[in-house]
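A.B. asks: Pasting a structure here, questions to come.
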Amino acid sequence: MNARAREPRGPMLLSALIALIFQVVPLPDWLSIARPAFLVLVVLYWSIVSPRAGGLLFPFACGLALDVFRGAVLGEHALALTLVAFLVMRFHLLIRAKPLFEQALIVFAALTLYEFVVWCIDGWTGHTLNSALRWLHPVTGGLIWPVVFGVLSRTHRPR
């Protein structure tokens, strides 16, 4: 059996679809403020665990889907998600060797970079949101990373 056949593409696509639904489902304002970026967390997980399964096309397609569903500037989330996924894929062996707490800190840094890129693009296009609450999403994403890692690791057999 070759290595390409063992890549978990089915669970990867299904988890991305479920995360996209969680990302765009309407919530009350008080709960929407703290919603983590589920789709970004799923892309980060698959970029760490199986970087060759989707390559850079997977985060780009997920970012475009997020752009379409949110009504953002087309390519905004795609660029940010592809950049963050590239960095995580580049260092995936180092990240995988870390304990879960340190992985959560790395994911927090990646989510902060993602939010910073989206913030810059929003500023350049005139859609600024200068609220400090914008930076709450990386914090909640870093806190929920162990749960996301535990749930997604049960969807496939590790290599």
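What follows is calculated from the coordinates using simple rules that are stated; it is not laboratory data. Note that this is a predicted model, so its numbers are computed, not measured. All Cβ positions, glycine included, derive from the backbone under ideal geometry; neighbour counts span all protein chains shown.
A.B. asks: Helix-derived [θ] at 222 nm for the chain: sum -39500 (n - 2.57) over DSSP H runs of at least 4, divide by residue count, nearest 500?
C.D. replies: Helix-only estimate at 222 nm: -22500 deg cm²/dmol.
A.B. asks: Take VAL139, project a point 7 Å from its Cα along the Cβ direction, then tell me which residues of the range 21-65 have their backbone nitrogen under 11 Å from it.
C.D. replies: 34
A.B. asks: Now for a separate question. Give the peptides 64-74, 39-49 in descending order of average Cβ contacts within 10 Å, highest first.
C.D. replies: Going by the mean number of other Cβ atoms within 10 Å, highest first, we get 39-49, 64-74.
A.B. asks: If you build the Cα gyration tensor of the range 95-154 and take the root of 5 times each eigenvalue, what three semi-axes come out, in whole angstrom, biggest first?
C.D. replies: The three semi-axes for the range 95-154 are 27, 11, 9 Å.
A.B. asks: Considering only LEU79, PRO28, LEU17, whose Cα is most displaced toward the positive end of the charge dipole of the range 3-88, charges sitting on Cβ of Lys, Arg (+1) and Asp, Glu (-1)?
C.D. replies: The listed residue farthest towards the positive side: LEU17.
A.B. asks: Excluding TRP119 itself, calculate the net charge of residues whose Cβ lies under 11 Å from the Cβ of TRP119, where each Lys or Arg counts +1 and each Asp or Glu counts -1.
C.D. replies: Residues near TRP119 contribute -2 overall.
A.B. asks: If I fit a long axis through the Cα atoms of helix 76-90 and take the longest principal axis of the Cα atoms of the chain, what angle between them do I get, 0 to 90°, rounded to 10?
C.D. replies: Around 40 degrees separate the two axes.
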